[in-house]
């Protein structure tokens, strides 16, 4: 692998191609990333349905799996200099990728960001440093097996730890923001920044970040507890999820945020929308706050169904539901106006 100093200082100025068509700038970025990492880390025109839990999505111009934090930073700096848009896909949960795909650079964290590093602070607590691509369920189970509490609520939440932080994922009264102590971010311009919990602005299902910021690493502080008690709590959480959530069809988790004092699923069910279909997309008969891919759903199907649910719930219940799922990629005006 080329050293980061060489990566960050290419012999030919990337800015010289800044006025070229996007396809040409993407080609230059591809060469740069291939030299910075390896050709196998950069792939062209990758269908993203294989990379999302919905199993929906058009192609990415460039799909990049960075081999290190430093190469990620250099790659984002190069994309910024070339004016190539960059999108973080993560593990592909909680997102709906447009049928037209995503233009520019798509970053997917892989093996280089799958680390979990424990440090015991004292007899009552421990710090854990976690790469963004670590499965949230894996982290929660690891913490429980070691006898540390604070992440039991996450034992049934799919997706990566980085994605969970971006949306402040939570369930059963817990959320990622509670045990988090710091994040390591890479800005759109390629700057590596560490922010403490006090510097971060979390709210319900949201973390306020600058446009283009990507979460690379997270730190948590957890407290000691009984392994048996924690295992019982995890069993309770997972049992409740199995009873109440759909299985057997691809989905992206909860589609809408819960309004204050209410549950989105209850409102959707009240509006008589359980089982409603749009093309190959369906409001789950098991849990109304899930939309499932019956096998042939397009992103347009799902987004149209989301818009229909919003309109029906507004008309019957007087509540406008805000999507929790993120829409990414190249949407046309009609699709974007749908929700």
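Any read-out appearing in this document is the output of simple, stated calculations on the displayed coordinates, not a laboratory observation. Just so we're clear, the structure is a prediction, and the values are computed from it rather than from any experiment. Virtual Cβ from ideal backbone geometry, glycine too; neighbours counted across all protein chains shown.
Annotation for region 287-318 versus region 234-270: alpha-carbon center distance of 14 Å. Note on region 61-120 and region 20-52: Cα centroid distance 11 Å, given to the nearest whole angstrom.
In terms of its C-alpha gyration tensor, the chain has an oblate overall shape, because the principal axis ratio a/c (a ≥ b ≥ c, square roots of the eigenvalues) is not below 1.5 and a/b does not outweigh b/c. For region 177-308, a Kirkwood hydrodynamic radius built from all Cα pairs, placed in the Stokes-Einstein relation at 37 °C and 0.692 mPa s, yields a translational diffusion coefficient of 183 µm²/s.
In terms of other Cβ atoms within 10 Å, 320, 118 run from fewest to most in the order 320, 118. Over the chain, DSSP H runs of length four or greater, each weighted -39,500 (n - 2.57), average out per residue to a 222 nm ellipticity of -9000 deg cm²/dmol. Enclosing the Cα atoms of region 115-243 in their convex hull gives a volume equal to 100 cubic angstrom per residue. Looking at the chain, the DSSP beta bridges with both ends there are about 80 percent antiparallel.
Is the shape of region 246-337 rounded, prolate or oblate, going by the alpha carbon gyration tensor and its root eigenvalues a ≥ b ≥ c, with a/c under 1.5 for rounded and a/b larger than b/c for prolate? Here region 246-337 falls in the oblate category. Largest GNM mean-square fluctuation across 272, 170, 90, computed for the chain with C-alpha springs under 10 Å, falls on 272.
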